[in-house]
There are 2 protein chains.
Amino acid sequence: MEYNNVMARTPTTFDVFNAIAEPKRRELMNLLQSGARTVNAIAEMLGWRQPQVSKHLAVLHRVGLVQSEARGREHYYRLDAAGLREIHEWTATFEEYWEHQLVRIKQHAEEKARMAKRRD
Amino acid sequence: MEYNNVMARTPTTFDVFNAIAEPKRRELMNLLQSGARTVNAIAEMLGWRQPQVSKHLAVLHRVGLVQSEARGREHYYRLDAAGLREIHEWTATFEEYWEHQLVRIKQHAEEKARMAKRRD
DNA sequence: TTGACATATTCCCATAATGGAATATAATAA
DNA sequence: TTATTATATTCCATTATGGGAATATGTCAA
């Protein structure tokens, strides 16, 4: 596959960033935090149709965010969230930006508190 | 806009997760860590065409990841990365999964070291 | 073997994204 | 005012998405 010149959009299956850009897949990941689940179990818990569950699981599986294990005709899917580390670390490089904001909010609050005290 | 039934894909401009799913936009964010920049400056530094820079900046701006300030005909864009906090925190809820993996790797290494020592 | 169950895959549709090229808009300078 | 510079927007072609429905595949049970 050539995704250099004529790329319409980074395919969902290319990397973890794209895989979790889909809210439903984040929902799925969240659900799997409670343990390995069967496709049908997931479908029922989330109220989705089975093919949709399979498709979203397939995407997560391709980028390595879930693993599956077949037990008879049932396939158990479980988290393999190590791939999220990359995202966690990338966002961490921006941490100072929201901390600056938090500091500003905190200062604002303290300022207000001082003003209130002075009025006593 | 109705994005309930006939959604082809979560639009890029919907949330921060989608905005940063595009690698070029992450590159742009990375660049802006060094400070506010002009559209043309960005284009030159990254080797992109000006309209592409403007478009990607527009997406980032819509989800609030950058702010812009016009100084004459030049528009300076700077990071406003607080929106990434949401992502950082979501991935953090999965931290134990990669830590488990790290522990396993570490144990494996220690095991190997013990075996090597025993052989001395 | 056959039927039922669990999951995966395929086809279709509507939507939208990206890059490129061209063009529009806005601001400055001559 | 007009030319130039900086940026934004529009149009196009290509690609891919996600849901639904139907169907294929695989596994077990009778």
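Only the coordinates and a few stated rules stand behind these numbers; no lab work does. Quantities reported herein were computed from a predicted structural model and do not represent experimental measurements. Cβ placement follows ideal geometry from the backbone for every residue including glycine, while neighbour counts extend to all protein chains displayed.
Things to note:
- Across the copies of the chain, B:ARG62 has label points (7 Å from Cα along Cα→Cβ) spaced 2.4 nm apart, shortest distance listed first.
- Axis-proximal residue, chain B, for the rotation superposing B on A (Cβ, Å): B:ALA21, 2
- Neighbour-count order for A:HIS75, A:HIS56, fewest beta carbons within 10 angstrom listed first: A:HIS75, A:HIS56
- Rg/Rh for region B:1-79 stands at 1.03; both radii use Cα atoms, and Rh follows the Kirkwood definition.
- Residue-by-residue Karplus 3J(HN,Hα) for region B:16-29, coefficients 6.51, -1.76, 1.60, Hz, glycine and proline x: 5, 4, 6, 4, 8, 5, 7, x, 5, 6, 5, 4, 4, 4
- Summarising the amide proton neighbourhood of A:TYR76: residues at separation of 5 or more, or on other chains, whose placed amide H is nearer than 5 Å comprise A:GLU69, A:ALA70, A:ARG71.
- Starting from the label point of B:GLU86 at 7 Å along Cα→Cβ, the same points in the other copies fall at 2.3 nm, in ascending order.
- Here B:GLU44 yields copy-to-copy label distances, from shortest upward, of 6.4 nm, the label point defined as 7 Å from Cα along Cα to C-beta.
- Ascending count of other beta-carbon atoms within 10 Å, so fewest first, for B:ARG73, B:ARG62: B:ARG73, B:ARG62
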